[in-house]
Amino acid sequence: MTLIASRNATRLQTPRRLPPRFVQRPSNPTLTRGLLLFSRPASLLKANTSTPSVSSSMNTDVVATPQLAMFGNASNTTLTGCSLIQVYNAGDRTWSRHQIITTIFKDHIASNASHDSNERADPPQCHPGTRMATIDRLKDWVTREGSTSVLWLFGTAGAGKTAIARSLARLLKGLDLLAASFFFFRTSPKRNSAELFISTIAYQLAINTPEIQPYILDVLDRDPSIFQKSTESQFQSLIINPISQLPSTAHPRTFSFIIDGLDECLDRAEQDTIINVICNALQPAIRHIKFLIISRPEHHIECAFEKLASSSCFQRIDLVRDFNASGDLRKFILDKFRDIKRTHPSRGAIDESWPSESTVDTLVRNADFSNFLYARVVMDFMEATYDSPQERLKVILGLQPTGAENPYHRLDEVYRYILSSVRADIGPILKMLAIAIVAAKAEMLVYHKPYNTQDLLQSAPFLEIVLGIVPGTIQAWLVDLRSLIILQNYEDETHSALSPEIQFMHRSLMEFLLDPSRSQGYCLNQTQAFLDIASGCLNALSVENVQAVLSRLNWYPLIFVLAD
């Protein structure tokens, strides 16, 4: 161990505790440029290794300092007017705390999980000038005294959750408010499980907050097997305890953690564990610790948070319902069109008035006013430099065939992944969705009545009768599809008899499911859907309990459906 003493300090300070293997009489004191160094012999470390030993650390971080041969034979030395700073030797090398932490954590972190990772699979940050209301609200939550310790931000597939998370992380990093971030990703081996989650955010916490390093090093010294402990033990030892031990004067600002894509952790049980460990550790709230957890609105995640609904340490934000993103979508699309007209190789052939305002309106509407993934996919397709953007826009608008290149391939990958994750039998679910989609697309079925055929065929209770399944089945089927499809309950008198109704969050999903070249094994058969409606209605006439539903629709005979 090397001890560095400054002659400018007022008195000698000694560590309150040193691990037993480091409590040895120093030898060979050396004075170097006003610094007195005591070097512990390298033999005390493991022979022939470049990995440092761990012990308690004090004061600021240091680096190796060249030594001069002075006081080589000194003994019984008394020091006054100095302070101690501890560094570590391994052979001929001197280690700083930063180097030790990096070395020890090296095999226990997902280095590509942070917000500033350059992994190509990660989406970019928010488009400049967009999602400002969302980011401002999240920043206010982080900085406001008395706000909850945990916030769950959820939104449907393609709503721009990860882009918001990355933009917020960058903002908080610049304000010295970001302790750590972890971005789960289903196809990345180190980012699709909870195995490296706690150790990764603990490492980032140590790197981003140097004054907390002594406390984390002390944990590693006391318990070298900490990385093999449970998620709860790691979280308490590496996150909560070090922050709690840090004097408020040392780091008075907030420690904010951003956890994105929790639903992309492949093991649902691990997702629940992460939520429970974080929320239980923060009840009651611990000073200056904030966790932002971002995910799709998966049923089991919602259930885990529902248990905390009455807790004062938790709140939720629905990204789609709580924020109107249509203006941001329009800005993004218009900015992209300006870029195309300014930089595309064929820009000379592009009319200044292109595209029309009605075309932009159509694109915003097709994005369902919230689907940034759809908007980005569409605009990236039109930006291709090897083809005419005007012709590609016609493909997007359906005015000409798609051709060999699928403009929606990235969007389709997301849809196929979500459908493949459904735990129930997908066959009956697709059959039910086919009926609902046929109803949603069949405008000729709309009547001038309080209810119409479209409403009826998207009603879960009626669909369950038509399909001959027990009540509540559809709700169970859609548990794993909540980021794409929801059951909307209506409280008003007009719709109450039909509630809940199936609601598609993205109209692009309907187009995907009806195109065999895109949906592949998940393609729906519209012709079969009409046959299923007819046969299901005929069968329903013989079902005894159908009267319970029809009695509530006494002005709307079932024959209307059969006639359609």
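Worth a mention:
- Filter result for residue 252 (assigned by TED's automatic domain parsing to the domain that holds residue 179, under 26 Å from residue 166 (Cα atoms) and at pLDDT below 95): yes
- Residue check, residue 346 more than 34 Å from the chain's Cα centre (by Cα) and at pLDDT 90 or above: no
- Residue within segment 164-181 that is in a loop (DSSP other than H, G, I, E, B), of a type outside the set (A, V, I, L, M, F, W, C) and within 21 Å of residue 270 (Cα to Cα) present: no
- Test: residue in segment 124-138 that is in contact with a strand residue (DSSP E or B) (Cβ under 7 Å, 6 or more places away or on another chain) and assigned to a helix (DSSP H, G or I): yes
- Selection from segment 512-523 of residues that are within 18 Å of residue 421 (Cα to Cα) and either touching an Asp or Glu at 6+ places or on another chain (Cβ under 6 Å) or not polar (S, T, N, Q) (or both): 512, 513, 518, 521, 522, 523
- Looking only at segment 210-241, residues that are surrounded by fewer than 21 Cβ atoms within 10 Å (Cβ to Cβ), among the β-branched types (Val, Ile, Thr) and touching a residue at least 40 places away in the same chain (Cβ under 8 Å) come to 2 in all.
- Residues in segment 293-303 that are part of a helix (DSSP H, G or I) and either under 18 Å from residue 110 (Cβ atoms) or among the aliphatic types (A, V, I, L, M) (or both): 301 only.
- Set 450, 407: member being modelled with pLDDT under 90, assigned to a loop (DSSP other than H, G, I, E, B) and within 30 Å of residue 266 (Cα to Cα): 407
- Residue match in segment 365-379 (condition: under 31 Å from the mean Cα position of the chain (by Cα) and at positive phi): yes
- Cβ-Cβ distances below 6 Å connect the following pairs, each with a first residue in segment 324-344 that is farther than 17 Å from residue 392 by Cβ, a second residue that is surrounded by 15 or more Cβ atoms within 10 Å (Cβ to Cβ) and of a type in the set (D, E, K, R), and a separation of six or more residues or different chains: 328/131.
- Of the candidates 283, 271, the single residue that is at pLDDT below 95, under 30 Å from residue 320 (Cβ atoms) and assigned by TED's automatic domain parsing to the domain that holds residue 173 is 283.
- Taken together, the residues in segment 180-194 that are at pLDDT below 90 and either more than 19 Å from residue 413 (Cα to Cα) or not assigned by TED's automatic domain parsing to the domain that holds residue 269 (or both) amount to 0.
The values are calculated or read from the model by the stated rules, or taken from the named source; none is laboratory data. Here the structure is a predicted model, which is why all the values come from computation and not from measurement. We place every Cβ from the backbone using ideal geometry, glycine too, and count neighbours over all the protein chains shown.
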